[in-house]
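Reviewing the structure listed below.
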Amino acid sequence: MIYFCKDYLKFGKTNYQGGFYRYISIEAGKETNLKFTFWALPVKGGTDNYDDVILHVVIEGPGSVGTDDRATKTGIVDISKIETGTLPYEWREERDKQTVILYGVTAESKIIIKTDREAQNPGSGSWYFRYYIDNLKFEKYGAGE
């Protein structure tokens, strides 16, 4: 489930996962490294607890995540440990900004951000992987950065 809220997106609801994908506009036959930044927070549930959310940044096709080896296809971003206090209604860059480096991205690379119930919470019962996300940005990334 995706909820379009004012100035941000909310993903997931009880027993539903949420995610999205993106292709990057790159000239055919070329590749590049990218710095993917976004702000993310877990949703606070009715019991005053924050959801235990681990986001997976995945590349399908050419490229790799976090390591320049063209083989690592998944990167983990654990937002469940963010100390939110009374938030998430006020974003704070120093706390909420996440960064993932993507290597060897081409026009055929599919970049996915999602939760993964099977990896995080296999089995039956209710599960909660709800999160807020905002300020998504892809920038060229050089070796000296």
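Here are some conditions: (1) touching an Asp or Glu at 6+ places or on another chain (Cβ under 9 Å); (2) modelled with pLDDT of 85 or more. Ser64 meets all but one. Which one does it not meet?
Against the list (1) touching an Asp or Glu at 6+ places or on another chain (Cβ under 9 Å); (2) modelled with pLDDT of 85 or more, Ser64 comes up short only on (1).
Could you please find all residues in region 3-23 being free of Cβ contacts under 8 Å to residues at least 40 places away in the same chain and surrounded by 13 or more Cβ atoms within 10 Å (Cβ to Cβ)?
Tyr3, Tyr16
Looking only at strands (runs of 3 or more DSSP E) that fall completely inside region 1-49, which ones have 2 or more residues that are among the β-branched types (Val, Ile, Thr) and over 12 Å from Tyr131 (Cα atoms)?
32-42
Would you please name the residue that is surrounded by the most Cβ atoms within 10 Å (Cβ to Cβ), looking only at residues in region 38-83 that are in contact (Cβ under 8 Å) with a residue 40 or more places away in the chain, closer than 16 Å to Arg22 by Cα and of a type in the set (A, V, I, L, M, F, W, C)?
Among residues in region 38-83 that are in contact (Cβ under 8 Å) with a residue 40 or more places away in the chain, closer than 16 Å to Arg22 by Cα and of a type in the set (A, V, I, L, M, F, W, C), the one surrounded by the most Cβ atoms within 10 Å (Cβ to Cβ) is Leu55.
Test Thr72 against the stated conditions and say whether it is closer than 13 Å to Ile133 by Cα, touching a Ser or Thr at 6+ places or on another chain (Cβ under 9 Å) and modelled with pLDDT of 80 or more.
no
Say we look at region 95-145 and pick out the residues that are modelled with pLDDT under 90, more than 17 Å from the chain's Cα centre (by Cα) and not small (Gly, Ala, Ser); which of these is nearest to Ile2 (Cα to Cα)?
That would be Trp127.
Can you confirm whether Thr86 is over 19 Å from Leu136 (Cβ atoms), among the polar types (S, T, N, Q), at pLDDT below 90 and not in a strand (DSSP E or B)?
Answer is yes for this residue.
Hey, among the residues in region 24-60 that are hydroxyl-bearing (Ser, Thr, Tyr) and either within 13 Å of the chain's Cα centre (by Cα) or at pLDDT 85 or above (or both), which one's nearest to Glu94 (Cα to Cα)?
Thr37
Filter region 1-23 for residues that are out of contact with any Leu (no Cβ under 7 Å at 6 or more places or on another chain) and of a type in the set (A, V, I, L, M); which is modelled with the highest pLDDT?
So, considering only residues that are out of contact with any Leu (no Cβ under 7 Å at 6 or more places or on another chain) and of a type in the set (A, V, I, L, M), the one modelled with the highest pLDDT is Leu9.
The values are calculated or read from the model by the stated rules, or taken from the named source; none is laboratory data. The structure presented is a predicted model; accordingly, all values stated were derived computationally and were not measured. No Cβ is skipped: glycine too gets one built from the backbone with ideal geometry, and neighbour counts run over all protein chains shown.
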